[in-house]
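Below: one structure, written as C-alpha cells.
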C-alpha cells in the first residue's frame, strides 16, 4: 500500500538543503503554527519574509523547500495539522537534533 506521508518524509530526509541547515525549534514552531492556521499561501509569504532576514534566511529556504514538497500531498491539504507536525519535527526527520534558541528570557 502506498503511504504518501512516508514517501514525503523520505523525500525530506534526502534533501541536502534540509539536512545541512541548522534548524531551530522556535522558528519551526512558528512556521508550523502559521501553516496549520492559515495554509500554504500564507506560510509561503511568512517564509519569504523570513528569507530576507540574515538570522533566518537558511532556515526559511529549507522550510520553503519542505512546503513545496508538502504541497504535492493531498492529505496535507485536508489535514494541515500533519504539516504542522512535519515542520515541528524537521530536525528529527532530517536526522538531526533540534537546536533551541540561544536567547534567554528576561525573567531568568
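Is it true that residue 65 is loosely packed, with under 13 Cβ neighbours inside 10 Å and at pLDDT 95 or above?
On the way: loosely packed, with under 13 Cβ neighbours inside 10 Å: no; at pLDDT 95 or above: yes.
Answer is no for this residue.
Taking into account only those residues within segment 35-55 that are crowded, with 19+ Cβ neighbours inside 10 Å and without any contact (Cβ under 8 Å) to a residue 40 or more places away in the chain, which is nearest to residue 86 (Cα to Cα)? Reasoning before the result, please.
In the first step, residues of segment 35-55 are kept if they are crowded, with 19+ Cβ neighbours inside 10 Å; the result is 35, 43, 46-47, 50.
Now drop any that are not without any contact (Cβ under 8 Å) to a residue 40 or more places away in the chain, which leaves 43, 46-47, 50.
On the way: 43: 14, 46: 17, 47: 16, 50: 19 Å.
Selected residue: 43.
Anything in segment 16-26 that is in a helix (DSSP H, G or I) and crowded, with 21+ Cβ neighbours inside 10 Å? List them, or say none. Don't jump to the end; show me each part of the working.
Pass one, segment 16-26, residues in a helix (DSSP H, G or I): 16-19, 25-26.
Answer for segment 16-26, where residues must be in a helix (DSSP H, G or I) and crowded, with 21+ Cβ neighbours inside 10 Å: just 18.
The values are calculated or read from the model by the stated rules, or taken from the named source; none is laboratory data. Bear in mind the structure is a predicted one, so any value in this text is a computation, not a measurement. Reconstructed Cβ throughout: ideal geometry from the backbone, glycine too, with neighbour counts over all protein chains shown.
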